[in-house]
Amino acid sequence: MIALKDIRICVVGLGYVGLPLARLFSTKYPTVGFDINRARVDELMGGHDSTLEIDDETLCEALSRNGLRCTSDIDNIRDCNVYIVAVPTPVDDNNRPDLKPLVGASEVVGRALSKGNVVVYESTVYPGVTEETCFPAVERVSGLKLNADFYGGYSPERVNPGDTTRTVETIRKVTSGSTPEAADFIDALYNSVLLNGTHRAPSIKVAEASKIIENSQRDVNIAFVNELAKIFNAMGIDTHDVLDAAASKWNFIRMQPGLVGGHCISVDPYYLIERSQLYGVLPRVMSNARRLNNSMGTYVANQVIRQMNLKGVPVKDARILILGFTFKEDCPDIRNTKVADIYNTLHEYTSLITVYDAWADPERVRDEYGIEIVNTLPDTTFDAAILAVAHASFRGLDLRASVPQPGVIYDVKGILPREIIDARL
């Protein structure tokens, strides 16, 4: 295996996962970040990360000390000997796993690979993908054989977008390898840059499975609380008051109702759902959780309409303010945001909808969702407002100044003062 002192790393995919990982490895090893998106590479080499996972000062420091460089040219990664793949694993329009980005990244690695190199995958997949799809793609393009000419492993990402506390260097990572020797090497590699060490899984499939159930478990737990919110709302009981009371018991697991978007919790369970059915197992709990959580944007919109009707506020051509568009607070990530479902449901009744989010890029929102948003709050009044995302900047807003009575204020996140809202999820 490669001596740690001789390691030269290439991270394939410079998004929310790949860039922080490349930056971290560059503190100890020569590291090249590869991405097929030339605009992304140019942005990073210019010292800015639009995902805001790495601040400009930290990025510029990594670039200036020559530990990190970014490229979209395969020739610039041929001298690396450890390749780490961190590309997205999306689903298609029918929620079936789409492995094309992963296969494409494997082919890139195959074109650069040399004998004795190591290939590690971080992308979230169902058990079996790494060994049954990824490594064969590398072999096909490179002409090299796994465990004879090169070695492999899997170490699932655990990035939490927008989280400045649980960063990649502070989390504990799972590692695995295609041989015991490869597992030793990969575990030592990650331990050399992590502050809290690793958990070494006994096989690649175990490591793959561990990652996918992390997000599936959270999806199921949130679905349960969302279902409770629907029940208690129908009963006229405040869900948050119920959770406060239940949380007084020592073993109650506190979860909040809400919208489930992003690229992890709202996508990854489909990989296990799809794969399990090939083994004759119908994952009812996970499937029902996905359906319930996917319905919450429409549910929120209908609850707002109900509140408007109760207060005699006409829904037709109403002026509505939606606060937040990203899938989570204090983060620019708009992937799979369920705020779009709120907007689209209300848009059937009125076109006078203002979406305000200082974190989101209006051009990207327009391109991906066909929705116009603004980065500054308009100086006008509205008939209804929906706090959809708990950005810190929203907590101090005087919403009643923007939504005078009898206007409706609906709080999806449960962060606004009780005295100013009409209802909350």
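Give me the extension gain from Thr380 to Arg364: residue separation times 0.36 nm, minus the current Cα-Cα distance, reported in nm with one decimal.
Numbers: separation 16, 0.36 × 16 = 5.76 nm, distance 2.53 nm.
Answer, rounded to one decimal: 3.2 nm.
In a simple Cβ point-charge model (Lys, Arg +1; Asp, Glu -1; nothing else charged), the chain has a dipole of about 980 debye relative to its Cα centre.
Extension gain for Lys316-Asp398 works out to 27.0 nm (0.36 nm per residue, less the C-alpha to C-alpha distance). Considering only Leu59, Leu44, Cys70, the residue lying farthest towards the positive end of the dipole of the stretch 27-86 is Cys70, judged by Cα position with unit charges set on Cβ.
First check a/c for the stretch 56-199, with a ≥ b ≥ c the square roots of the eigenvalues of its C-alpha gyration tensor; if it is under 1.5, answer rounded, and if not, answer prolate when a/b is larger than b/c or oblate otherwise. Here the stretch 56-199 falls in the rounded category. Have a look at Gly197, Leu228, Val138 and report the one farthest towards the positive end of the charge dipole of the chain, computed about the Cα centre with Cβ charges (Lys/Arg +1, Asp/Glu -1). The residue sitting most towards the positive pole is Leu228. Cysteines in the chain that lack a partner Cβ within the 4.7 Å cut-off: Cys60, Cys70, Cys134, Cys264, Cys331. The residue list Ala423, Ile320, Ser402 was ranked by how far each Cα lies along the charge dipole of the stretch 295-425 toward its positive end, using unit charges on Cβ atoms, and Ala423 comes out on top. Take the alpha carbon gyration tensor of the stretch 57-138, find the square roots of its eigenvalues, order them as a ≥ b ≥ c, and report rounded if a/c is under 1.5; if not, report prolate when a/b exceeds b/c, else oblate. Oblate is the answer for the stretch 57-138, as a/c is 1.5 or above yet b/c matches or exceeds a/b. Taken as Cα centroids, the stretch 75-96 and the stretch 342-360 sit 34 Å apart, rounded to the nearest whole angstrom.
Mind checking the dipole of the stretch 283-425: about its Cα centre, +1 per Lys or Arg Cβ, -1 per Asp or Glu Cβ, Debye to the nearest 20?
Details: 17 positive and 18 negative charges, 145 e Å.
Here the stretch 283-425 has a charge dipole of around 700 debye.
What is the angle, in °, between the Cα long axis of helix 284-294 and the longest principal axis of the Cα atoms in the chain? Nearest 10 is fine, range 0 to 90. Approximately 60 degrees, to the nearest 10.
Given +1 at the Cβ of Lys and Arg, -1 at the Cβ of Asp and Glu and no other charges, the dipole of the stretch 1-140 around its Cα centre is 560 debye to the nearest 20.
For Val32, what charge total do you get from the other residues with a beta carbon under 9 Å from its beta carbon, if Lys and Arg give +1 and Asp and Glu give -1? The partial results should precede the final answer.
Values: positive: Arg8, Arg69; negative: Asp79.
Summing Lys and Arg as +1 and Asp and Glu as -1 gives +1.
Here the Gaussian network model covers the chain, with springs between Cα atoms less than 10 Å apart; of Tyr369, Tyr29, Tyr121, Tyr369 fluctuates the most. With contributions of -39500 (n - 2.57) from each DSSP H run of at least four residues, the per-residue ellipticity at 222 nm computed over the chain stands at -11000 deg cm²/dmol.
Kindly work out what percent of the DSSP beta bridges joining two residues of the chain are antiparallel, to the nearest 5.
Values: 2 of 41 bridges.
Rounded to the nearest five, the antiparallel share is 5 percent.
Kindly express, to the nearest 10 degrees and within the range 0 to 90, the angle between helix 296-310's C-alpha long axis and the longest C-alpha principal axis of the chain. Between the helix axis and the principal axis of the chain, the angle is about 10 degrees.
Using a Gaussian network model of the chain in which every pair of alpha carbons under 10 angstrom is joined by a spring, one finds that among Asp333, Asp367, Asp187 the greatest mean-square fluctuation is at Asp367. Using a Gaussian network model of the chain in which every pair of alpha carbons under 10 angstrom is joined by a spring, one finds that among Ala289, Ala247, Ala112 the greatest mean-square fluctuation is at Ala247.
With R₀ fixed at 35 Å, the C-beta to C-beta distance from Glu169 to Asp241 puts the FRET efficiency at about 0.35. Report, in degrees rounded to the nearest 10, the 0 to 90 angle that the Cα long axis of helix 180-191 makes with the longest principal axis of the chain. It is inclined by approximately 50 degrees.
Let me confirm the definition first: pairs of Lys residues in the stretch 303-425, 8 or more apart or on different chains, C-alpha distance under 23 Å. How many are there? Summing the qualifying lysine pairs gives 5. Inter-label distance, Thr27 to Asp184: 2.7 nm, where each label sits 7 Å from its Cα along the C-beta direction. Straight-line cross-link reach from Lys28 at under 25 Å between alpha-carbon atoms covers these lysines, not counting any fewer than eight positions away in the same chain: Lys5, Lys115, Lys173.
Taking every C-alpha pair closer than 8 Å and separated by at least 6 residues, the mean separation divided by the residue count of the chain gives a relative contact order of 11 percent. If you take all other residues with their beta carbon under 15 Å from the beta carbon of Pro101, and give Lys and Arg +1 and Asp and Glu -1, the sum is -3.
Read-outs throughout are calculated quantities, based only on the coordinates presented, and are distinct from any laboratory measurement. These numbers were taken from a predicted model, which means no experiment stands behind them. Don't worry about glycine lacking a Cβ; one is built from the backbone with ideal geometry, like all the others, and counts go over all protein chains shown.
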